[in-house]
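**Q** Below is one structure. I have some questions about it.
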Amino acid sequence: MKKTLFCVALAALTLASCSKKEEKTLSGLLKSQFQKEVQGKKTDLYVLKNKNGMEVCITNFGGKVVSIMAPDKNGKMADVVLCEDNMDNMLKSTQPYFGATIGRYGNRIANAKFKIDSTEYTLAANNNGQALHGGPKGFHAVMWDAKQIGDSAVELSYLAKDGEEGYPGNLQCKVVYTLTSNNELKINYEATTDKATVVNLTHHSFFNLAGEGASTINDHVLTINADKFNPVDSVLIPTGELADVTGTPFDFRKPMVIGQRIDTINNKQMKLGKGYDHNWIINQKKQGEMTFAAKIVEPKSGRVMEVYTTEPGIQFYGGNFLNNDMGKFGHKYPFRSAFCLETQHFPDSPNKPQFPTTVLRPGQKYAHTCIYKFSVEK
């Protein structure tokens, strides 16, 4: 009898263990597929939920948002960000920035060099001789320490050591992702340093509001709250000019279909970026004030995403370098099948004294908030 009871209990425990291990998220992802040892630390998948049924999945490798489940106008949920569905594929991805926390410096720094107080620093070059998104081993490619804060938030922390990827100073970073009851993914960034350095943290989700795996974002309707943008040169470094958007394909002050002007207007900037890959200067009344930056609508589903930020700029990238990259559940991500809206300081600010400074000194605190708010239009 005792032996029988023991066998029954063991079978029940085994079944419970298997059920828990294979429990799927709303997006269909398995936590077990993201549990691995990387750089001597354990990776995991952190699931955020709110009372409205939204769900966000985040991994501590690269601080990456792996999925965002958002409702359409009929209440149907879909995953609206591109990424991989397991850690093995993430580690060998052809698109290492999918969903990532970007640093120490988001976007590009010319010639992978800059000066602070007459001292020149040479960075790891990884983009046509430029430093892009913190270098090949930037924050997108490191292990963050993670702590889940209830059902709706996770805190990530990382110490970027002095000299990492060429940047000066030990930079202590903290990023908190919160899924609010208003269907907002709120991202709070903080950083301190023990030596003068440059900091420009941002978020790099690749969105498609029709659902990841959909073929294009050119039918989405975009608004950007900006009168000016940064023209770029042949290697996508800002020229230093703050150009008026009036009469150009960069005027999104009124809602505009993204694909309407990409290939029909002979514009040098569009050719240099192979489409949209530029920074807009947000119409911000006061420096550091939370400001509406952009809104994007997918007409068929009715999904809407608004972007708010304390930063002075926003990079709109139209997926020009996607090339049928392999994504979740066997989906392929073709050319211009996603967009990014990255709130930030301007590219190459360390070499452009006329731009808002990105220098952080000991005793100062870097702080930046970005909000992606989801809703529907019927």
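Where a number appears in this text, it was derived from the coordinates with a stated rule and is not lab data. The model shown is predicted, which means the values in this text are computed figures rather than measured ones. With ideal geometry, Cβ positions are generated from the backbone for all residues, glycine too; neighbour counts draw on all protein chains shown.
**Q** Lys286: in a strand (DSSP E or B), over 30 Å from Asn170 (Cβ atoms) and among the basic types (Lys, Arg), yes or no? Give the derivation first.
**A** On the way: in a strand (DSSP E or B): no; over 30 Å from Asn170 (Cβ atoms): yes; among the basic types (Lys, Arg): yes.
No.
**Q** Right, next: Considering only the stretch 245-289, state which residues are among the aliphatic types (A, V, I, L, M), under 25 Å from the mean Cα position of the chain (by Cα) and loosely packed, with under 14 Cβ neighbours inside 10 Å.
**A** Across the stretch 245-289, there are no qualifying residues.
**Q** Do we find a residue being in a loop (DSSP other than H, G, I, E, B) and either of a type in the set (Asp, Glu) or within 26 Å of Gly302 (Cα to Cα) (or both) anywhere in the stretch 89-102?
**A** Yes, the stretch 89-102 has at least one match.
**Q** Another question, if that's okay. Restricting to the stretch 216-236, count the residues that are surrounded by fewer than 18 Cβ atoms within 10 Å (Cβ to Cβ), more than 20 Å from the chain's Cα centre (by Cα) and more than 21 Å from Thr309 (Cβ to Cβ).
**A** 4
**Q** Within the stretch 107-162, work out how many residues are of a type in the set (Phe, Trp, Tyr) and more than 18 Å from Val175 (Cα to Cα). Let's see the steps before the verdict.
**A** Step one: filter the stretch 107-162 for residues of a type in the set (Phe, Trp, Tyr), giving 114, 121, 139, 144, 158.
Filter once more, keeping what is more than 18 Å from Val175 (Cα to Cα): 114, 121.
Here the count works out to 2.
**Q** Still on this structure, I have one more. For the stretch 104-125, enumerate the residues that are assigned to a loop (DSSP other than H, G, I, E, B) and touching a residue at least 12 places away in the same chain (Cβ under 8 Å).
**A** Residues of the stretch 104-125 that are assigned to a loop (DSSP other than H, G, I, E, B), as a first pass: 104, 106-107, 117-118, 123-125.
Correct list: Arg104, Gly106, Asn107, Asp117, Leu123, Ala124, Ala125.
**Q** Where residues in the stretch 30-53 are part of a strand (DSSP E or B) and β-branched (Val, Ile, Thr), which of them is farthest from the chain's Cα centre (by Cα)?
**A** Start the filter on the stretch 30-53 by keeping residues that are part of a strand (DSSP E or B), which leaves 30, 37-38, 41-42, 45-49.
Restricting the remaining residues to those that are β-branched (Val, Ile, Thr) gives 38, 47.
Working: Val38: 21, Val47: 17 Å.
Among those that are part of a strand (DSSP E or B) and β-branched (Val, Ile, Thr), it is Val38.
**Q** Can I ask one more? Quick check on the stretch 237-244. Is at least one of its residues in contact with a strand residue (DSSP E or B) (Cβ under 7 Å, 6 or more places away or on another chain), among the hydroxyl-bearing types (Ser, Thr, Tyr) and buried (at least 17 other Cβ atoms within 10 Å of the Cβ)? Steps first, please.
**A** Taking the stretch 237-244 first, the residues in contact with a strand residue (DSSP E or B) (Cβ under 7 Å, 6 or more places away or on another chain) are 237-239, 242-244.
Those left that are additionally among the hydroxyl-bearing types (Ser, Thr, Tyr): 239.
Next, from what is left, pick out any that are buried (at least 17 other Cβ atoms within 10 Å of the Cβ): none.
No, the conditions are met nowhere in the stretch 237-244.
**Q** Right, another one. Of Asp145, Asp162, Asp117, which residue is within 22 Å of Ser67 (Cβ to Cβ) and either surrounded by fewer than 22 Cβ atoms within 10 Å (Cβ to Cβ) or touching a strand residue (DSSP E or B) at 6+ places or on another chain (Cβ under 9 Å) (or both)? Steps first, please.
**A** Working: Asp162 fails: within 22 Å of Ser67 (Cβ to Cβ); Asp117 fails: within 22 Å of Ser67 (Cβ to Cβ).
Just a single option satisfies the conditions, and that option is Asp145.
**Q** Something else now. Looking only at the stretch 299-319, decide whether some residue is among the basic types (Lys, Arg), under 29 Å from Asn111 (Cβ atoms) and not in a strand (DSSP E or B).
**A** First, pick out the residues of the stretch 299-319 that are among the basic types (Lys, Arg): 300, 303.
Checking the rest, the ones that are also under 29 Å from Asn111 (Cβ atoms) come to none.
Among the residues of the stretch 299-319, not one is among the basic types (Lys, Arg), under 29 Å from Asn111 (Cβ atoms) and not in a strand (DSSP E or B), which makes the answer no.
**Q** I'd like the residue in the stretch 73-102 that is among the hydroxyl-bearing types (Ser, Thr, Tyr) and either out of contact with any helix residue (DSSP H, G or I) (no Cβ under 9 Å at 6 or more places or on another chain) or closer than 19 Å to Val47 by Cβ (or both) and, out of all such residues, is surrounded by the most Cβ atoms within 10 Å (Cβ to Cβ). Quick ask: steps written out before the conclusion?
**A** Taking the stretch 73-102 as the starting set, the residues that turn out to be among the hydroxyl-bearing types (Ser, Thr, Tyr) are 93-94, 97, 101.
Going one step further and asking which of them are either out of contact with any helix residue (DSSP H, G or I) (no Cβ under 9 Å at 6 or more places or on another chain) or closer than 19 Å to Val47 by Cβ (or both), we end up with 93-94, 101.
Working: Ser93: 17, Thr94: 12, Thr101: 29.
Restricting to residues being among the hydroxyl-bearing types (Ser, Thr, Tyr) and either out of contact with any helix residue (DSSP H, G or I) (no Cβ under 9 Å at 6 or more places or on another chain) or closer than 19 Å to Val47 by Cβ (or both), the top hit is Thr101.
**Q** Tell me yes or no: at least one residue of the stretch 198-209 is of a type outside the set (A, V, I, L, M, F, W, C), within 27 Å of Lys271 (Cα to Cα), buried (at least 18 other Cβ atoms within 10 Å of the Cβ) and touching a Pro at 6+ places or on another chain (Cβ under 9 Å).
**A** Going residue by residue through the stretch 198-209, those that are of a type outside the set (A, V, I, L, M, F, W, C) are 200, 202-205, 208.
Narrowing the set further to residues that are within 27 Å of Lys271 (Cα to Cα) leaves 200, 202-205, 208.
Among the residues that remain, those that are also buried (at least 18 other Cβ atoms within 10 Å of the Cβ) are: 200, 202-205, 208.
When the remaining residues are screened for being touching a Pro at 6+ places or on another chain (Cβ under 9 Å), the result is 200.
Within the stretch 198-209, one or more residues are of a type outside the set (A, V, I, L, M, F, W, C), within 27 Å of Lys271 (Cα to Cα), buried (at least 18 other Cβ atoms within 10 Å of the Cβ) and touching a Pro at 6+ places or on another chain (Cβ under 9 Å).
**Q** Mind counting the residues in the stretch 165-177 that are surrounded by 20 or more Cβ atoms within 10 Å (Cβ to Cβ), in contact with a Phe, Trp or Tyr (Cβ under 8 Å, 6 or more places away or on another chain) and part of a loop (DSSP other than H, G, I, E, B)?
**A** Of the residues in that region, 1 qualify.
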